[in-house]
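In what follows, a single structure is set out as structure tokens and then discussed.
The values are calculated or read from the model by the stated rules, or taken from the named source; none is laboratory data. Because the structure is a prediction, the values reported are computed rather than measured. Neighbour counts are summed over all protein chains in view; Cβ atoms, including those assigned to glycine, are modelled from backbone coordinates with ideal geometry.
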There are 2 protein chains.
Amino acid sequence: MDPNGRTAMTYRVGVIGGGQLARMMIAPAVELGVEIRVLAEQEGMAAALAASAVGDYRDADTVLAFAREVDVVTFDHEHVPQQVLRALVDAGVAVHPGPDALRYAQDKLLMRTRLQEMGMPQPDWAAVTGPDELAAFLDAHGGRAVVKTPRGGYDGKGVRVVSSPDGAADWFTALAEDAGGGALLVEERVEFTRELAQQVARTPSGAVRAYPVVETVQRDGVCAEVLAPAPSGSARLAATAAEVGERIAEGLGVTGMLAVELFETADDRILVNELAMRPHNSGHWSQDGAVTSQFEQHLRAVLDLPLGDTSPVAPWSVMINILGGPSEGGLSERFAAAMAQHPYARIHTYGKEPRPGRKVGHVNAFGADLDDVVYDARAAAAFFQG
Amino acid sequence: MDPNGRTAMTYRVGVIGGGQLARMMIAPAVELGVEIRVLAEQEGMAAALAASAVGDYRDADTVLAFAREVDVVTFDHEHVPQQVLRALVDAGVAVHPGPDALRYAQDKLLMRTRLQEMGMPQPDWAAVTGPDELAAFLDAHGGRAVVKTPRGGYDGKGVRVVSSPDGAADWFTALAEDAGGGALLVEERVEFTRELAQQVARTPSGAVRAYPVVETVQRDGVCAEVLAPAPSGSARLAATAAEVGERIAEGLGVTGMLAVELFETADDRILVNELAMRPHNSGHWSQDGAVTSQFEQHLRAVLDLPLGDTSPVAPWSVMINILGGPSEGGLSERFAAAMAQHPYARIHTYGKEPRPGRKVGHVNAFGADLDDVVYDARAAAAFFQG
């Protein structure tokens with residue numbers, strides 16, 4: 001026993017939200033000797049094994065009672081309201097990431113404003129409070145643009161491409177009905193050549209470690225495939241992306257894992273698309289393809305422990321998401337068939353009821369030849385599609 | 001949902017015994033989507049997170065009640081009595097490894113007899129029922145030999161080097177007092193150059209996969225360090241060891257993981273020392289150093305799922321055990337210091353109260369240069385010693 005009465009390293013981490021990101025923290029927590037407790041939204045969620053409580057994360061009393069039993073509170077998602085986060089901080093709870101950082105993940109207008117102050121590369125954007133302002137932005141940007149609700153969007157929800165102010169009419173109506181007023185975010189429609197993601201871990205003490213920048217392939221607004229590191233990426237690209245990630249983590253005071261989604265343009269620029277302050281789908285490859293997975297790194301970071309090495313264990317890693325399909329018959333037989341045909345594939349599953357389009361698992365593969373690795377991962381994942 | 005009402009792959013595995021081997025099955029179970037339940041000997045053991053029951057594994061009713069809630073029963077240790085195992089099988093429970101295989105791990109005389117029938121390479125041995133027989137064996141083997149109690153030994157317990165029958169006098173007395181009678185096992189003292197271990201997974205359907213043979217370094221009868229694969233091992237050595245492992249797994253009907261501890265002799269023979277029918281300390285390197293860890297492989301095997309790839313992810317892996325020392329102050333600070341100095345080291349801890357000599361965790365490292373990897377692993381582990 002050490003002076004704090006701890007055996008080994010029995011730090012207690014409390015995770016708010018019982019989804020797959022919380023679930024995937026369980027494995028590294030067990031290996032690190034970190035006790036993990038989850039406040040789940042309901043029974044039987046993905047992280048049920050560690051769910052020590054079930055309750056509403058929007059209720060300050062529920063969250064405070066949960067927080068009292070742990071050393072640090074962190075998150076499966078970014079939806080905990082600011083007033084609940086502030087109540088935790090006021091009660092002396094260590095919260096990582098904290099409310100000051102999380103508000104930039106919760107409000108895309110705040111995020112754009114702050115990144116602009118910091119001189120980060122991003123698409124042209126504006127806050128528009130009505131159709132006229134949106135029309136003016138469209139006129140100045142070739143007649144098309146991306147409109148986003150500043151709050152509440154994920155996986156492509158709350159995002160639309162419009163070519164006239166009519167395309168956002170219902171959102172403006174909702175804004176007008178909201179007593180608080182407000183604005184929509186409009187961004188230029190970037191003609192990107194591909195999408196990238198840069199992950200960075202940062203501790204409360206200020207230590208920072210970047211992962212290799214990866215290429216993400218989206219389908220229907222949802223991440224479908226990740227190639228790590230981003231193929232054909234120059235050393236300059238990798239260094240620039242890492243620098244952008246590190247500067248944002250520092251500038252926004254992020255603690256834990258940060259994911260910066262990026263557009264790469266034909267003229268070799270990168271522009272910040274979205275931020276996520278938690279483990280992220282673009283980093284699932286690291287579970288098998290990096291020395292330290294993003295889930296272990298997130299635990300180390302929020303506990304203010306030294307960060308682990310982010311080096312890849314092989315030249316190439318590929319992650320393919322498994323989405324629930326229209327026909328779900330015999331999923332356990334499909335798993336067995338995929339395992340039999342692809343013993344090299346690393347299959348991860350979230351214990352979630354499949355529904356069309358719902359992320360229910362992913363497959364990782366890694367190796368020396370990118371084509372082989374892509375083939376292996378896609379072929380194994382194909383057993384679960386359709 | 002598939003026809004069995006399973007979402008994804010919600011097989012349920014029940015593990016008897018709540019030690020670190022059960023604990024280390026939790027992480028791959030979560031990732032595979034396998035539900036894991038543990039029957040622990042007491043509260044607060046290493047595998048507490050998955051402990052759905054606490055009870056005595058020697059009591060058939062306790063074990064049967066536990067077994068009814070799972071699809072297959074497996075083990076953290078080999079101490080479940082045969083009559084309890086038979087009661088499970090009689091009740092229609094899938095038990096892997098089964099009682100017919102486990103009796104060879106539970107009784108070293110049975111094991112030696114069976115391996116001799118199979119023509120496996122092993123040290124000279126005999127069953128001795130009294131001092132005279134032991135004296136005769138000593139005379140025939142240079143005056144020194146290894147005496148073992150056939151049942152109940154582990155980590156060097158129940159094993160003695162003797163140079164006279166007096167050295168086993170108390171064990172003979174105990175045998176005489178035991179109404180069932182019996183014999184001690186005596187083995188020639190092999191002049192080995194080093195110790196090796198061969199791990200093999202086998203499914204109930206008969207699929208078999210061998211891991212690379214490894215070198216194990218013992219101190220005071222306890223595994224201290226493992227080098228994977230065994231350095232300076234010829235292709236012939238690797239093939240011979242794998243064949244011995246596979247033949248034993250098949251010949252003894254082992255299901256799940258089998259570890260075969262081997263002596264390598266100066267004249268390039270390998271001789272079978274001990275068997276373990278479960279994940280084994282000699283395979284902890286595979287958690288970070290192989291595509292499929294022994295813990296995931298054990299789950300796949302006992303569920304009769306296809307086995308995963310056993311290839312190493314790097315040319316060399318090294319595992320160093322962390323033993324509780326006389327001074328335990330500030331273990332959590334030591335963890336942080338080890339992490340800070342060795343971000344590449346993979347630290348695993350078992351959530352156990354440290355006691356001198358007790359295994360409380362291990363460190364893995366892997367990479368391209370054996371000397372570097374050994375250095376890294378030893379240097380990180382050194383933070384926890386003494």
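Which pairs do you get when a residue that is polar (S, T, N, Q), found in the stretch A:341-370, comes within reach of a residue that is buried (at least 24 other Cβ atoms within 10 Å of the Cβ), reach meaning Cβ atoms under 6 angstrom, with the pair 6+ apart or on two chains?
Pairs found: A:Thr349/A:Gly361; A:Thr349/B:Ala8; A:Thr349/B:Gly33; A:Asn364/A:Trp285; A:Asn364/A:Met319; A:Asn364/A:Arg346.
Within the stretch A:55-69, identify whether any single residue is more than 13 Å from chain B (Cβ to nearest Cβ), among the acidic types (Asp, Glu) and within 21 Å of the chain's Cα centre (by Cα), and answer yes or no.
Within the stretch A:55-69 (the criterion being more than 13 Å from chain B (Cβ to nearest Cβ), among the acidic types (Asp, Glu) and within 21 Å of the chain's Cα centre (by Cα)), the answer is no, since none of the residues qualifies.
Output the number of the condition that B:Pro99 fails; it satisfies all remaining conditions of (1) more than 18 Å from the chain's Cα centre (by Cα); (2) surrounded by 18 or more Cβ atoms within 10 Å (Cβ to Cβ).
Going through (1) more than 18 Å from the chain's Cα centre (by Cα); (2) surrounded by 18 or more Cβ atoms within 10 Å (Cβ to Cβ) one by one, B:Pro99 breaks only (1).
Can you name the number of the only condition in (1) closer than 28 Å to A:Glu353 by Cβ; (2) free of Cβ contacts under 8 Å to residues at least 40 places away in the same chain that B:Thr62 fails?
(1)
Give B:Ala126, B:Ala135 a once-over and let me know the one that is touching a strand residue (DSSP E or B) at 6+ places or on another chain (Cβ under 8 Å) and in contact (Cβ under 8 Å) with a residue 12 or more places away in the chain.
Only one candidate qualifies: B:Ala126.
Go through the residues of the stretch A:299-306 one by one and say whether even a single one is assigned by TED's automatic domain parsing to the domain that holds A:Ala228, surrounded by 17 or more Cβ atoms within 10 Å (Cβ to Cβ) and closer than 28 Å to B:Tyr11 by Cβ.
Yes: the stretch A:299-306 contains one or more residues that are assigned by TED's automatic domain parsing to the domain that holds A:Ala228, surrounded by 17 or more Cβ atoms within 10 Å (Cβ to Cβ) and closer than 28 Å to B:Tyr11 by Cβ.
Is there a residue being within 16 Å of the chain's Cα centre (by Cα) and crowded, with 24+ Cβ neighbours inside 10 Å anywhere in the stretch B:308-316?
no
Residue under question is B:Gly324, and the condition is that it be in contact with a Pro (Cβ under 7 Å, 6 or more places away or on another chain) and closer than 22 Å to B:Ala380 by Cβ; does it hold?
Considered against the rule, which asks whether it is in contact with a Pro (Cβ under 7 Å, 6 or more places away or on another chain) and closer than 22 Å to B:Ala380 by Cβ, B:Gly324 comes out as yes.
Here are A:Val226, A:Val244: which of them is within 22 Å of A:Leu21 (Cα to Cα) and assigned by TED's automatic domain parsing to the domain that holds A:Glu274?
A:Val226
So that you can scan it fast, the table gives a plain yes or no per residue for (1) in contact with a Lys or Arg (Cβ under 9 Å, 6 or more places away or on another chain); (2) hydrophobic (A, V, I, L, M, F, W, C); (3) within 22 Å of A:Pro204 (Cα to Cα):
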residue	(1), (2), (3)
A:Gly221	yes, no, no
A:Ala230	yes, yes, no
A:Ala238	no, yes, no
A:Ala249	yes, yes, yes
A:Phe263	yes, yes, no
A:Arg269	no, no, no
A:Ala276	no, yes, yes
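Quick one: is A:Pro121 of a type outside the set (A, V, I, L, M) and without any contact (Cβ under 8 Å) to a residue 40 or more places away in the chain?
no
Can you name the residue in the stretch B:212-251 that is of a type in the set (S, T, N, Q) and at pLDDT 95 or above and is also farthest from B:Asn281 (Cα to Cα) among such residues?
Applying the filter and picking the extreme gives B:Thr240.
Looking only at the stretch A:1-52, filter to residues that are in contact with a Phe, Trp or Tyr (Cβ under 9 Å, 6 or more places away or on another chain) and acidic (Asp, Glu); which one of those is modelled with the highest pLDDT?
A:Glu41
Condition (residue is aliphatic (A, V, I, L, M) and more than 30 Å from B:Glu35 (Cα to Cα)) applied to the stretch B:258-266: is it met by at least one residue?
Yes.
So which residues in the stretch B:219-238 are part of a loop (DSSP other than H, G, I, E, B) and either free of Cβ contacts under 8 Å to residues at least 40 places away in the same chain or farther than 15 Å from B:Val318 by Cβ (or both), if there are any at all?
Listed by number, the residues that qualify are B:Asp220, B:Gly221, B:Ala230, B:Ser232, B:Gly233, B:Ser234.
Of everything in the stretch A:116-160, what is aliphatic (A, V, I, L, M) and in contact with a helix residue (DSSP H, G or I) (Cβ under 8 Å, 6 or more places away or on another chain)? Give them in sequence order.
Passing the criteria: A:Met118, A:Met120, A:Ala126, A:Ala127, A:Val128, A:Leu134, A:Ala135, A:Leu138, A:Ala145, A:Val147.
Can you find a residue that is closer than 20 Å to A:Thr203 by Cα and outside the structural domain of A:Arg278 (by TED's automatic domain parsing) anywhere in the stretch A:51-68?
For the stretch A:51-68, residues closer than 20 Å to A:Thr203 by Cα and outside the structural domain of A:Arg278 (by TED's automatic domain parsing): present.
Out of the strands (runs of 3 or more DSSP E) lying entirely within the stretch A:289-386, which hold 1 or more residues that are farther than 26 Å from B:Tyr211 by Cα?
A:316-323, A:359-367
Do the conditions hold for B:Ala241, that is, is it in a helix (DSSP H, G or I), touching a helix residue (DSSP H, G or I) at 6+ places or on another chain (Cβ under 9 Å) and crowded, with 17+ Cβ neighbours inside 10 Å?
no
Just to be sure I understand, how many residues within the stretch B:306-343 are modelled with pLDDT under 95 and within 7 Å of another protein chain (Cβ to nearest Cβ)?
11
Give me a count of the residues in the stretch A:105-126 that are closer than 16 Å to A:His79 by Cα and of a type in the set (Gly, Ala, Ser).
Of the residues in the stretch A:105-126, 1 are closer than 16 Å to A:His79 by Cα and of a type in the set (Gly, Ala, Ser).
Kindly provide the set of residues from the stretch A:21-42 that are more than 10 Å from every other protein chain (Cβ to nearest Cβ) and crowded, with 24+ Cβ neighbours inside 10 Å, ordered by number.
If the condition is that a residue be more than 10 Å from every other protein chain (Cβ to nearest Cβ) and crowded, with 24+ Cβ neighbours inside 10 Å, then A:Leu21, A:Ala22, A:Val38, A:Leu39, A:Ala40 are the ones that fit.
For a quick check of your reading of the model, give me the residue pairs whose first member lies in the stretch B:192-218 and is surrounded by fewer than 17 Cβ atoms within 10 Å (Cβ to Cβ), whose second is basic (Lys, Arg), with beta-carbon atoms closer than 9 Å and at least 6 apart or on different chains.
That search, which allows pairs on different chains as well, returns B:Val217/B:Arg194.
Is there any pair with a first residue in the stretch B:36-48 that is closer than 12 Å to B:Ile16 by Cα and a second that is of a type in the set (A, V, I, L, M) and part of a loop (DSSP other than H, G, I, E, B) whose Cβ atoms are under 6 Å apart and which are 6 or more apart or on different chains, and what are they?
Short answer, once both residue conditions are applied: B:Arg37/B:Val70; B:Val38/B:Ala47.
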